[in-house]
1. From the phi of every residue in the range 10-27, what ³J(HN,Hα) in whole Hz does the Karplus formula 6.51 cos²θ - 1.76 cosθ + 1.60 yield, where θ is phi - 60° and glycine or proline is x?
2. Regarding the range 74-174, what are the three Cα extents along the principal axes, ordered largest first, in Å?
3. Run the Debye formula on the Cα coordinates of the range 100-154, all scatterers equal and no solvent, and tell me log10 I(q)/I(0) at q = 0.15, 0.22, 0.30 1/Å.
4. Measuring with a 1.4 Å probe in the full set of protein chains, what accessible area per residue, in whole Å², belongs to the range 120-174?
5. So which lysines pass the test for Lys80, namely a Cα distance under 21 Å, with those fewer than 8 places away in the same chain ruled out?
6. Return the single residue from His54, His99, His131 with maximal mean-square fluctuation; model: Gaussian network over the chain, springs between Cα atoms under 10 Å.
7. Looking at the chain as a GNM with Cα springs under 10 Å, which of Thr76, Thr112, Thr36 has the largest mean-square fluctuation?
8. Okay, helix-only estimate at 222 nm for the chain: each DSSP H run of n ≥ 4 adds -39500 (n - 2.57), divide by all residues, round to 500 deg cm²/dmol; what do you get?
Amino acid sequence: YYGETNTNTASCYSNIAKLLYELNKYEEAYNFYRKTLEIDSTILGNNHPKIAKHKLDIGTLLISLNKYDNTLMLFTEALKIYKDFYGEYHPSIITAYNHLGQYYCNVEVDYTKAIDYYSKSKILAERIYGHNHSMVANALQNIAYVHSQMSNLQKAIDFYIESAEITKKFYGEQ
């Protein structure tokens with residue numbers, strides 16, 4: 001595969017999309033993400049982790065565009081691809097759980113489902129990395145945020161404190 005249908009071209013398009021996203025040029029970024037997905041799907045097939053990553057990127061972009069119709073489907077498909085490719089225990093699955101948690105927290109405003117996905121993220125991070133890891137601390141911060149949105153302020157504080165303690169252990173006091 002050469003020229004337009006080359007993984008290097010797809011990688012360049014993905015980098016352009018990321019930069020356009022950072023510049024808040026979401027429509028232009030979307031077009032480059034779509035090209036990236038099309039090229040890599042042609043070369044790698046539809047069940048490759050790169051395809052899952054592209055779907056997460058496009059879903060995140062759609063949220064920024066306030067276009068929610070396909071976002072849940074993209075995030076769910078990405079999770080399935082990661083699980084089918086890697087099995088149940090891989091860091092990419094944590095990422096997909098976090099995207100789903102974000103979706104349910106901020107788009108659907110279904111806090112129960114958001115906490116469920118963030119909790120899955122935490123459990124998987126603990127299994128992969130152990131309890132005192134930044135990925136676990138991140139999951140706890142996400143859970144704390146949802147609790148704060150639900151006005152469960154004491155629970156939010158408790159989760160933030162646990163996250164801070166893990167972060168200090170992981171990175172050190174200084």
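The values are calculated or read from the model by the stated rules, or taken from the named source; none is laboratory data. In this text the structure is predicted, and so the values were computed from the model without any measurement. Note: ideal-geometry Cβ built from the backbone for every residue, glycine included; neighbour counts use all protein chains shown. Only protein heavy atoms, including side chains, enter the accessible area calculation; ligands, DNA and RNA are left aside. Shrake-Rupley method; radii C 1.70, N 1.55, O 1.52, S 1.80 Å.
1. 4, 4, 4, 4, 5, 5, 4, 4, 4, 5, 4, 4, 4, 8, 6, 9, 5, 4
2. Over the range 74-174, Cα extents along the principal axes are 38, 30, 17 Å.
3. -0.38, -0.74, -1.08
4. On the way: 3350 Å² over 55 residues.
So the range 120-174 comes to 61 Å² accessible per residue, rounded to a whole number.
5. Lys50, Lys53, Lys55, Lys113, Lys120, Lys122
6. Maximum fluctuation in the GNM of the chain, among the listed residues, is at His131.
7. Thr112
8. After summing the helix terms and dividing by residue count, I get -26500 deg cm²/dmol.
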